[in-house]
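See structure below.
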2 protein chains.
Amino acid sequence: MENRRSFIKKAALAAGAIGSGMACSPETQKTSAHNATSEPIPTVIATWDNRKATQAGIEQLQNGGSALDAVEAGARVPEGDPNDMSVGYGGHPDRKGIVTLDACIMDHLGGAGSVTFLQGIKHPISVARKVMEETKHVMLSGQGALEFALAQGFQQENLLTEKAKTAWENWMAKQEAQLVNENNHDTIGILALDKEGHLCGACTTSGAAYKLHGRVGDSPILGAGMYVDGEIGGACATGLGELVMTTLGSFLIVELMRNGASPQQACEEAIGRIVKRYKNWVEEDKLQVGYLGLNLNGEYGYYSIRKGYSVAVAQNGENVKLESNFALG
Amino acid sequence: MENRRSFIKKAALAAGAIGSGMACSPETQKTSAHNATSEPIPTVIATWDNRKATQAGIEQLQNGGSALDAVEAGARVPEGDPNDMSVGYGGHPDRKGIVTLDACIMDHLGGAGSVTFLQGIKHPISVARKVMEETKHVMLSGQGALEFALAQGFQQENLLTEKAKTAWENWMAKQEAQLVNENNHDTIGILALDKEGHLCGACTTSGAAYKLHGRVGDSPILGAGMYVDGEIGGACATGLGELVMTTLGSFLIVELMRNGASPQQACEEAIGRIVKRYKNWVEEDKLQVGYLGLNLNGEYGYYSIRKGYSVAVAQNGENVKLESNFALG
């Protein structure tokens, strides 16, 4: 049986959808490190100070890897790092003490894969890529995602580190509210543009600490945690997933760029929608969401609800952390 | 702990977001049964010939129920009907012979709840409503969704009817490809507008027949299977979920209406995006997607990739089935 990806590839080739440095915004992007050009500038950007991830991604591009290889390689960095307590191995568990993982990946042709509520697999982003490449489906969940991963040769292992277990036990003793605010970073979203002008994205997380068992956030959901349109650009999100899932910020950012907005303008509008619709909740719980957008010229933008959000940008031989502007004081 | 919904309510009241028949489109909607007016016209519409569902919904409105009550009551009709083999009890199982259910619900204030990969609960739409009303989360999955449902008092039961089991066994013997085309209806999406001008939506399904275990489609995903913005309107989808999840059609339809499109124009554009991006796959597998949009004036539109899609509309004392126009011959 021919899989979905082969159909998508053929469709894109037929439609000539594979662009090359196609301009989509006439406006100067203030936060970008360069101006529009006909040559795509290899770029890897990620939410938060994930410079190790953007470094891994840009090295993929330098070694001839695709944008898809770059975002997968980048996402695997925090997934495999036990000291990153918001993604993959070492991530905070849910209320029952179980680490459950969500991830998605999307390529420039519209191919996509996602896993939700996955347990015991260290690199969910690579399982998501297998869903994209080996099935006609987009999303697999829970036990079904695990069975698929095992059939694909992934190894099941314990992802709850002693450090995360101790933090969970302390929380259980106090049962304090745990919310995604400025003190509680989470989730890597990562976008890459390669020299062919192909733009791809990935997003992976262990989700909100001490969430209800089974809770899924925005990260594995196309259009929420991450979205790519190979003819326009891409976007990704971090922060309290519920606010992103109900406002579809990553899809919105791409749609606004389609209509002429710069990545920065689009990120600011997407944050504005959240603040308008969920103002009291955002203020009372001091909630945080941060967005990141990238177009085919390598222009990027980023914005957050409140102070403390940053992004990592690898472009033009540099790999830097940049502090975000924000909507609320 | 105060739940999410109370925050959302307060935010909406503070922002004056509760509109009353607020116009959002200056254009005449050809497919609508009436012209714009300052008085909201109670309306319940659904994908496919779900007139029993729209009838249940409109009766809720006539008896003083809210739009949220109406969409829940409507969605429960096919969920509870063993002869409807695409939703709830009696639905087609997955490849392992297990019925797994997806559903979501969203209200005019931006509150939302969703369940994915839920097993053994006849009315997932009511579980989704409980997620919205009783937790700060939006989406619960798999075993976590089941544990939540049981804690909320739902009963676990066998949802695989003899009829569905026999069909699955026949399929297993032949292992024929099963795709969502014109011969394979699925999913109810339902939207309701009440006399207060509140617009709400719901979507529920047993998903693609003989899917991989754990496969989740568009139906439980806000912005894909269904989306509502209480100041603009709502939309819902049916058909092959993978095409909807990667193009976020319901969110797109609402966004296009925000920018001035009629519901009909918006539905046609959303179908056009699918056909453009996934043309070869759509043609080779004869895939079907149908959309349905409704604005705050009670104007609605609907459109599909190919022939055979229909909708049910309860409005102005009538409850009718309407055949959809379509993009491909």
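The values are calculated or read from the model by the stated rules, or taken from the named source; none is laboratory data. All figures in this text were calculated on a predicted structure; none of them were measured in a lab. Cβ: placed from backbone, ideal geometry, glycine included. Neighbour counts: every protein chain shown.
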Original post:
Are any residues in the range B:195-226 more than 14 Å from the chain's Cα centre (by Cα) and buried (at least 24 other Cβ atoms within 10 Å of the Cβ), and if so, which ones?
Top reply: B:Ala208, B:Lys211, B:Gly214, B:Arg215, B:Val216
**OP:** Determine whether B:Gly308 is touching a residue at least 40 places away in the same chain (Cβ under 8 Å) and on the phi > 0 side of the Ramachandran plot.
**Re:** yes
Original post:
Of all residues in the range A:208-248, which are more than 10 Å from every other protein chain (Cβ to nearest Cβ) and of a type in the set (Gly, Ala, Ser)?
Top reply: A:Ala209, A:Ser219, A:Gly225, A:Gly233, A:Gly234, A:Ala235, A:Ala237, A:Gly239
Original post:
How many residues, within the range B:265-281, are modelled with pLDDT of 95 or more, buried (at least 24 other Cβ atoms within 10 Å of the Cβ) and over 19 Å from B:Gly223 (Cβ atoms)?
Top reply: 0
Subject >> Conditions (1) touching a residue at least 60 places away in the same chain (Cβ under 8 Å); (2) more than 9 Å from chain A (Cβ to nearest Cβ); (3) closer than 21 Å to B:Ile105 by Cα; number of the one not met by B:Gln264 >> reply: (3)
**OP:** Look through B:Lys321, B:Lys279 and report the one residue that is charged (D, E, K, R) and more than 26 Å from B:Val87 (Cα to Cα).
**Re:** B:Lys279
Original post:
Looking at this structure, is A:Leu193 in contact with a strand residue (DSSP E or B) (Cβ under 9 Å, 6 or more places away or on another chain) and within 13 Å of chain B (Cβ to nearest Cβ)?
Top reply: no
Subject >> Evaluation of B:Ala173 against (1) surrounded by 15 or more Cβ atoms within 10 Å (Cβ to Cβ); (2) at pLDDT below 95; (3) small (Gly, Ala, Ser) (one fails), failing number >> reply: (1)
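Quick grid of which residues meet (1) surrounded by fewer than 17 Cβ atoms within 10 Å (Cβ to Cβ); (2) at the interface with chain A (Cβ under 10 Å from one of its Cβ atoms); (3) at pLDDT 95 or above:
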{"residue": "B:Leu109", "(1), (2), (3)": "no, yes, yes"}
{"residue": "B:Pro124", "(1), (2), (3)": "no, no, yes"}
{"residue": "B:His137", "(1), (2), (3)": "no, yes, yes"}
{"residue": "B:Gly153", "(1), (2), (3)": "yes, no, yes"}
{"residue": "B:Val180", "(1), (2), (3)": "no, no, no"}
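For every residue, the table says whether it meets (1) closer than 30 Å to B:Ala314 by Cβ; (2) of a type in the set (Lys, Arg); (3) in a strand (DSSP E or B); (4) modelled with pLDDT under 95.
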site	(1), (2), (3), (4)
B:Phe148	no, no, no, no
B:Ala202	yes, no, yes, no
B:Lys211	no, yes, no, yes
B:Gly234	yes, no, yes, no
Subject >> Subset of the range A:81-115 [among the polar types (S, T, N, Q) and over 30 Å from A:Ile232 (Cα atoms)] >> reply: A:Asn83, A:Thr100
